[in-house]
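Asks: Here it is, the structure, as structure tokens.
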Amino acid sequence: MPVDTVIFSGEGPHADPWHPLSETSAAIAKLVGDAGPVAIVTTVDQLEAALDGARLLVVNASADRTAPIPQDEEFGRVLDAFLARSGSLLATHSATIAFPQLATWRSTVGAAWDHGRTFHPPIGTSLIRRTDIEHPITTGLVDFEVHDERYTDLELLDGVDVETLYVHDEGGDTHPLVWARTAGSSRIVYNALGHDARSYESPGHVELLRRIVLWLRHRI
């Protein structure tokens, strides 16, 4: 049976010491697998072949570096080709740290981790608030609590239009956590939640992820 969803689970230069990416990739695969076959790949070299025929790419990766490497450019080439054939993308949590300085990745996701400014409060149980934006993903959904990191002061890229679906409050300001956008015929979501498997034990987060995947697969 053809693979419907490919999860790029970062290892080596596409990982860091703080995020258990294999653990969270397995949790994501379990939650989205009911809608179609899922493959997990861990290197850029595997990605292009794995995406042949797939409709959804999930990027669950990071980087413990600030300088680019040749694999980043190869990832960008594969991503551009996937989006050009109307593929959908879900970028999760530390994906805003991944592929540093790769312009095509930053503009696709709509934000990046800004070393020296972006941070997160201590991990713990937090309230995640739904915005007033009407979107198929959030129809019928409400605020929820989750045990997670809350990324704060991400660098949001000028000129990239997004629809912010969920936010959190920190330091007297409101910060976007989950947003959706379209690029041509492709659908893209960034979900800043998902530090470890405890995040996917939240019923509210699980239901949000289910709705995200339905929208990315053009089922709602």
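Asks: It is to be established whether one or more residues within region 115-122 are surrounded by 18 or more Cβ atoms within 10 Å (Cβ to Cβ), under 26 Å from residue 197 (Cβ atoms) and hydroxyl-bearing (Ser, Thr, Tyr).
Replies: Scanning region 115-122 turns up no residue that is surrounded by 18 or more Cβ atoms within 10 Å (Cβ to Cβ), under 26 Å from residue 197 (Cβ atoms) and hydroxyl-bearing (Ser, Thr, Tyr).
Asks: What number of residues within region 42-70 satisfy the criterion of being more than 27 Å from residue 115 (Cβ to Cβ), open to solvent by less than 40 Å² (accessible area, probe 1.4 Å) and over 15 Å from the mean Cα position of the chain (by Cα)?
Replies: If we filter region 42-70 for residues that are more than 27 Å from residue 115 (Cβ to Cβ), which is where we start, we get 45-46, 48-56.
Retained after the next criterion (residues that are open to solvent by less than 40 Å² (accessible area, probe 1.4 Å)): 50-51, 54, 56.
Right, trim to over 15 Å from the mean Cα position of the chain (by Cα) and you get 50-51, 54.
Of the residues in that region, 3 qualify.
Asks: Further, regarding this structure: State yes or no: is residue 116 over 30 Å from residue 218 (Cβ atoms) and modelled with pLDDT under 95? Outline the logic, then answer.
Replies: Details: over 30 Å from residue 218 (Cβ atoms): yes; modelled with pLDDT under 95: yes.
So residue 116 passes the test.
Asks: May I pose another question? Identify, from the list 89, 79, the residue that is closer than 21 Å to residue 45 by Cβ, part of a strand (DSSP E or B) and of a type in the set (A, V, I, L, M). Full working, then the answer.
Replies: On the way: 79 fails: part of a strand (DSSP E or B).
From the options 89, 79, the qualifying one is 89.
Asks: Output the qualifying pairs, or none if there are none: Cβ atoms under 9 angstrom, residues six or more apart or on different chains, first residue in region 13-32 and over 16 Å from residue 208 (Cα atoms) and charged (D, E, K, R), second residue at pLDDT 95 or above and assigned to a helix (DSSP H, G or I).
Replies: Pairs found: 16/94; 23/197.
Asks: Would you call residue 154 touching a helix residue (DSSP H, G or I) at 6+ places or on another chain (Cβ under 8 Å), among the hydrophobic types (A, V, I, L, M, F, W, C) and either at pLDDT 95 or above or over 22 Å from residue 24 (Cα atoms) (or both)? Break it down stepwise before answering.
Replies: Details: touching a helix residue (DSSP H, G or I) at 6+ places or on another chain (Cβ under 8 Å): yes; among the hydrophobic types (A, V, I, L, M, F, W, C): yes; either at pLDDT 95 or above or over 22 Å from residue 24 (Cα atoms) (or both): yes.
Taking the combined requirement at face value, the residue satisfies it.
Asks: Now for a separate question. Scan region 138-147 and tell me whether some residue there is under 24 Å from residue 218 (Cβ atoms), in contact (Cβ under 8 Å) with a residue 24 or more places away in the chain, out of contact with any helix residue (DSSP H, G or I) (no Cβ under 8 Å at 6 or more places or on another chain) and of a type in the set (A, V, I, L, M, F, W, C).
Replies: no
Asks: Can residue 11 be described as over 22 Å from residue 186 (Cα atoms), out of contact with any strand residue (DSSP E or B) (no Cβ under 8 Å at 6 or more places or on another chain), open to solvent by 40 Å² or more (accessible area, probe 1.4 Å) and of a type in the set (Asp, Glu)? Explain how you work it out, then say what you get.
Replies: Details: over 22 Å from residue 186 (Cα atoms): yes; out of contact with any strand residue (DSSP E or B) (no Cβ under 8 Å at 6 or more places or on another chain): yes; open to solvent by 40 Å² or more (accessible area, probe 1.4 Å): yes; of a type in the set (Asp, Glu): yes.
Taking the combined requirement at face value, the residue satisfies it.
The values are calculated or read from the model by the stated rules, or taken from the named source; none is laboratory data. All of these numbers come straight from a predicted model, not from anything done at the bench. In this analysis, Cβ positions are derived from the backbone assuming ideal geometry, glycine residues included, and neighbour counts consider all displayed protein chains. For the accessible areas, the whole protein counts, side chains as well, though only heavy atoms, and no ligand, DNA or RNA atoms are used. Shrake-Rupley method; radii C 1.70, N 1.55, O 1.52, S 1.80 Å.
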